[in-house]
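Have a look at the structure below, then the notes.
The values are calculated or read from the model by the stated rules, or taken from the named source; none is laboratory data. The structure presented is a predicted model; accordingly, all values stated were derived computationally and were not measured.
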Amino acid sequence: MQSVVLRGNQDGYQLVLSQAASFEAIKLELRGLLDNLAADSQIKDKTISLMCYPLNAY
């Protein structure tokens, strides 16, 4: 099971974190996903920022 899922949408990306995963597992998986995203040649702006919202905010 994945600890982190990165979903693209029209506004950018959404990260979904597994509640069952350890913090270390999430950090490792997130680092890999962000490294892959930063290496993507189709992305013009290499700045990556995160905004965190609780699940019930939507």
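Points worth noting:
- Any hit, the range 15-25, residues being part of a strand (DSSP E or B) and modelled with pLDDT under 85: yes
- Residue match in the range 27-49 (condition: in a strand (DSSP E or B), at pLDDT below 90 and not acidic (Asp, Glu)): no
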